[in-house]
Amino acid sequence: MTTPTFDAVPGVLGEIAQDLADALEPAGEILAIRDLWGRIRFIASKRPAPEDPLADALDRLAGAAVQRLGLRAYAAEDAILYADESFANIEPLRAAPGIAIGSPGIVFRLIDRQITGQSWATVSEHTDARASHRIAMYSLKGGVGRSTATAAAAWHLARLGRSVLVLDLDLESPGLSASLLPPASQPEFGIVDWFVEDAVGQGDTVIPHMSARAPMAQDLPGEVWVVPSHGAEPGDFMAKLGRCYLDLPVNAGMEAWDHRLLRLVSALEKDKAPDVVLLDARSGFHDLASAVVTELADTVLLFAIHSEQTWSGYRLLFEHWQRYGVAERIRERLQIVAALIPETDRDAYLTEFRERAWCLFRDHLYDELGAGEVDGFSFDLNDSTAPHTPLPIYWHRGLASLGGLASLDPQLVTATAGGFLAGLDELLCSAGGAAP
Amino acid sequence: MSTDFKDAARRHWDDAELLDNNRRWPNADHLYGFAAECALKAVMVGLGMQLGPDGKPPKPHAVHIHQLWDQFLTFANGQGQAGYAAMLQQSNPFSAWHENQRYWGSTTIGPADAQAHCAGARQALGVLSQARQDGWVK
């Protein structure tokens, strides 16, 4: 008996589905739970009576799993759980993103139980009516000038009279607020404080003491509020950070930590009534990044530099969205940013950058249009309004060596990030509401 | 003797329900306490607690539900486990329950006690079901 590798499991489940589809049909959709170790266990909605032919079919399913999944199977007597016998709420599992297996008709839905990374496949619908527009600043790798771009965007919007709220959600490597706010202006509390206070039901008490005005906007018509990861006195930051990703019980179920984050952002929006919220997400495939990118943001700025590492990383992400059928929901929120454009051969660099970005979007996110078709989410290589067309930020020694972002040189910002900021204005304009 | 906390949890629960439905509250209440205890111990074994040769948990955890509930909240730690503690209410619903109540008079335990401990046992069994879905407990 051999054990299939992790990625071969859907194929094996497909074979089992094919063999048993007719016999299992009365069970309806069966959840195939791939647990934390990558083993498969099934959840059927109801335990059938022993004389019911379905009971025999489920026994055969358990046997087939043992035989074909090897070390990835449970013992036959433990292979199937029944929802009607469970004391835990099965609904979150049913609602979880999954991969349909079986044809014709779905026999199994493969649901992955993960320690982290679960929510990259959950793209929220944004049905809530909000006055503010949320923009995620996201990159696969750090060090691409995301914080500087966040500061430039905040300053630019404040100059146009907008009220901007900047959240330092890079909790594992905090620091944006330290460069936007002088030590004396740091607010009393930060994001990690809200999480630990919310756990005992008093999150609201810290909300009014979590934001401070950035001095960069003091002479501008608008304002910039900064919410740091931690307060002026960080206290036991690690102990608080270690509790941020906690799901909490509410009424009959659980409130996932990312929903708590959503609640925090809504409460801060209610407190400060900003026009624009800039969410400095952490980089990479961390859960915090996925919550910001897939659930919170109305617009996601994907910071990239032209390197194989960048493109292969974004390909992984786009493929994931495709696999789980959420690409259509998220693609209209995305916009590529070309960060750290080198000082020499800029045009050639940007041309190559745009081509690579276009291939990526075309392969995974754009609709394939037939001859004569015009409707659909599809863009030509040179379409200036396309999400693959980069908003440019040029590298500049003056910007790179900037000690803090408390004050920005307007000329320098315009010279390096003018194209980026103009693109941002257009994005906000087309989104309506918060346009300058 | 072979200890099987998962199986015992289910048996105590089923029997407690039978008694509860027949208004036999004192003994229903007693069994709800054991159902909850066994459910949490089944999860603790799944999460790595070693049983002694006599089938008992190690010293600090060889206790009944009125003490075990709070211990479980402390026991669960780390990203994979903390969620289980979060499924239990913070204030121990079994604080007034005692294994010696089986020696008490019939009028000392009423339907309100049984109802509260039924709800507590349901939470503990919920943790066990969840741990099975996640694969910590077979």
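Scanning the range A:90-101 for residues that are away from chain B (no Cβ under 11 Å) and farther than 20 Å from A:PHE6 by Cα turns up A:GLU91, A:ARG94, A:ALA95.
The residue list A:SER266, A:SER312, A:SER307 contains one member that is over 23 Å from A:PRO387 (Cβ atoms), of a type in the set (S, T, N, Q) and surrounded by fewer than 19 Cβ atoms within 10 Å (Cβ to Cβ), which is A:SER266. State all residues of the range A:117-160 that are among the small types (Gly, Ala, Ser), surrounded by 17 or more Cβ atoms within 10 Å (Cβ to Cβ) and over 15 Å from A:ILE393 (Cβ atoms); if no residue qualifies, say none. Selection gives A:SER119, A:ALA121, A:SER124, A:SER132, A:ALA136, A:ALA158. Kindly evaluate A:PRO249 against the criterion of being modelled with pLDDT under 90 and closer than 25 Å to A:ASP193 by Cβ. Considered against the rule, which asks whether it is modelled with pLDDT under 90 and closer than 25 Å to A:ASP193 by Cβ, A:PRO249 comes out as yes. Of all residues in the range A:266-294, exactly one satisfies the criterion of being within 21 Å of A:GLU125 (Cβ to Cβ) and assigned to a loop (DSSP other than H, G, I, E, B), namely A:ALA281.
Of the residues that sit in the range B:46-79 and are surrounded by fewer than 16 Cβ atoms within 10 Å (Cβ to Cβ) and small (Gly, Ala, Ser), which one is nearest to the chain's Cα centre (by Cα)? Restricting to residues being surrounded by fewer than 16 Cβ atoms within 10 Å (Cβ to Cβ) and small (Gly, Ala, Ser), the top hit is B:ALA62.
Please indicate, with yes or no, whether at least one residue in the range A:102-110 is in a loop (DSSP other than H, G, I, E, B) and either β-branched (Val, Ile, Thr) or within 12 Å of chain B (Cβ to nearest Cβ) (or both). Yes, because at least one residue in the range A:102-110 is in a loop (DSSP other than H, G, I, E, B) and either β-branched (Val, Ile, Thr) or within 12 Å of chain B (Cβ to nearest Cβ) (or both). Just one of the listed residues (B:VAL43, B:VAL137) is within 14 Å of the chain's Cα centre (by Cα), among the hydrophobic types (A, V, I, L, M, F, W, C), under 24 Å from A:ALA83 (Cβ atoms) and within 14 Å of another protein chain (Cβ to nearest Cβ), and it is B:VAL43. For the range A:29-61, which positions are among the aliphatic types (A, V, I, L, M), over 33 Å from the mean Cα position of the chain (by Cα) and either within 13 Å of chain B (Cβ to nearest Cβ) or more than 26 Å from A:PRO104 (Cβ to Cβ) (or both)? Result: A:ALA49, single match.
The number of residues in the range A:199-241 that are in a helix (DSSP H, G or I) and closer than 18 Å to A:LYS272 by Cβ comes to 9. Tell me, please, whether a residue that is within 15 Å of the chain's Cα centre (by Cα), closer than 29 Å to A:ALA239 by Cβ, without any contact (Cβ under 8 Å) to a residue 24 or more places away in the chain and more than 14 Å from chain A (Cβ to nearest Cβ) can be found in the range B:111-121. No, the range B:111-121 contains no residue that is within 15 Å of the chain's Cα centre (by Cα), closer than 29 Å to A:ALA239 by Cβ, without any contact (Cβ under 8 Å) to a residue 24 or more places away in the chain and more than 14 Å from chain A (Cβ to nearest Cβ). Could you identify the single residue in B:ALA131, B:ALA96, B:ALA124 that is away from chain A (no Cβ under 12 Å) and at pLDDT 90 or above? Being away from chain A (no Cβ under 12 Å) and at pLDDT 90 or above holds for just one of B:ALA131, B:ALA96, B:ALA124, which is B:ALA96. Within the range A:161-190, the set of residues being within 23 Å of A:TRP395 (Cβ to Cβ), in a loop (DSSP other than H, G, I, E, B) and either modelled with pLDDT of 90 or more or not polar (S, T, N, Q) (or both) comprises A:ASP170, A:GLY175.
Candidates are the residues of the range B:83-93 that are within 14 Å of chain A (Cβ to nearest Cβ), crowded, with 16+ Cβ neighbours inside 10 Å and not hydroxyl-bearing (Ser, Thr, Tyr); the one that is nearest to B:MET49 (Cα to Cα) is B:ALA85. For the range A:66-89, the count of residues that are within 16 Å of A:GLY14 (Cβ to Cβ), away from chain B (no Cβ under 11 Å), out of contact with any Ser or Thr (no Cβ under 7 Å at 6 or more places or on another chain) and without any contact (Cβ under 8 Å) to a residue 24 or more places away in the chain is zero. In this structure, does A:GLY14 turn out to be closer than 15 Å to A:ALA65 by Cα and over 28 Å from the mean Cα position of the chain (by Cα)? Judged against the criteria, A:GLY14 is a match.
The values are calculated or read from the model by the stated rules, or taken from the named source; none is laboratory data. These numbers come from a predicted model, not from an experiment. Cβ atoms come from the backbone with ideal geometry, glycine included; neighbour counts cover every protein chain shown.
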